[in-house]
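Asks: Got a structure for you, questions after.
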Amino acid sequence: MAANNRRMSGKKGAQVGSGGQRRRGLEGKGPTPPAEMRKGHKKNRIASAKAKQTARRPAPRGRGGKSSSELVVGRNPVVEALREGVPASTLYVQQFIDNDERVREALQLAAERGGINLMEAPRPELDRMTNGLNHQGLVLQVPPYEYAHPEDLAEAAYGEGEDPLIVALDGVTDPRNLGAVVRSVSAFGGHGVVVPERRAAGMTAGAWKTSAGTAARTPVARATNLTRALEGYKKAGIVIVGLAADGEHEIGELEALGGPVVIVVGSEGKGLSRLVGETCDFRVRIPMPGGAESLNAGVAAGVVLYEAARRRG
């Protein structure tokens, strides 16, 4: 009994707690990252080599109706682009990146979408790809947009047994306005949008986001010369209606909106260019009792498209 007491008296007293370290060590660390993201894995080495090659290669230039590829840079922009369904080919992720919620969401969205390559790249490579922009370790590559030809829009409408309802933009340089017009065209049953090849907004990631997904089903055509494209529509029997603050007609009075028509919208500041204005069959104005001098391209197009859809209904 005495010996037993000696053994018990030799035991240490209460120990200092682990501070939760032991419990935290048992907690999960989230899903296992894909092989391309795991350092030392064969696929990781291959992905890193591909990322270096891509960073050194110049972005492809648009040819025959294609724009150039685009990079979306930064954690919030990348996540927003993936949420809005912006087309993407590759998601570049910086090696040893701080794995916060936005990074995890970007990886999850890319995996759920499918068809998006995941590439891990060192920070210097991402710096070089983005020309030193603050990419925060995430870069999304948007593939070139494939533009339609202006004639394709009218042919598709006639092929469906409908009169063409098309919007052409003259001097609109804000991609968000282009995206808003695409959304309005889709909402009111239009057949597409025509933009000039130069000095005009194109289908960038910003335009895709503003279109709220409708760009996937509403074609955008690019014209080398907008005036010639409009003249081609006129020869095909389509009426050209230009929006102008000093237009001779109000939109509610123009019966031509009920038939085959191209609605031309100019920039908010300058309106229609001279040659485009002279090509129009009619110039119409939107009555604004509130006294506003002008509307941006997206709103103006939506108002006229509503009137055209009402007449067709």
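Asks: If you scale each eigenvalue of the Cα gyration tensor by 5 and take the root, what three semi-axes come out for the stretch 74-129, rounded to whole angstrom and sorted largest first?
Replies: Rounded to whole Å, the semi-axes are 18, 13, 10.
Asks: Would you please put 227-235, 263-271 in order of how densely packed they are, using the mean number of other Cβ atoms within 10 angstrom per residue and starting with the highest?
Replies: So the order, starting with the most tightly packed, is 263-271, 227-235.
Asks: Output wanted: per-residue J couplings in Hz (rounded whole) for the stretch 192-201, from phi through Karplus 6.51 cos²θ - 1.76 cosθ + 1.60, θ = phi - 60°, x for Gly and Pro.
Replies: Rounded to whole hertz, the list is x, 10, 10, 10, x, 6, 10, 6, 8, 5.
Asks: While we're here: So who's got an amide H within less than 5 Å of the one on Glu120, skipping anything under 5 residues away but keeping other chains? H placed 1.01 Å off N, in plane.
Replies: Amide H neighbours of Glu120, under 5 Å, 5+ apart: Ser48, Val93.
Asks: Let me ask something additional. Given R₀ = 25 Å, FRET efficiency for Lys66-Arg123 by Cβ-Cβ distance, to 0.05?
Replies: That pair, Lys66 with Arg123, gives E of 0.25.
Asks: How many Å³ per residue does the convex hull of the Cα positions in the stretch 167-216 occupy?
Replies: Taking only Cα atoms, the stretch 167-216 has a hull volume of 62 Å³ per residue.
Asks: Specify the inter-centroid distance of the stretch 147-178 and the stretch 92-118, based on alpha-carbon positions, in whole Å.
Replies: 35
Asks: Taking R0 as 35 Å, what's the FRET efficiency between Asn99 and Thr214 from their Cβ-Cβ distance, rounded to 0.05?
Replies: Details: r = 34 Å, r/R0 = 0.96.
The calculated FRET efficiency here is 0.55.
Every number in this text was worked out from the coordinates using simple rules, so none of it is lab data. From a predicted model like this one, the values you see are computed outputs, not experimental measurements. Ideal geometry is used to build each Cβ from the backbone, glycine not excepted, and the neighbour counts take in all protein chains shown.
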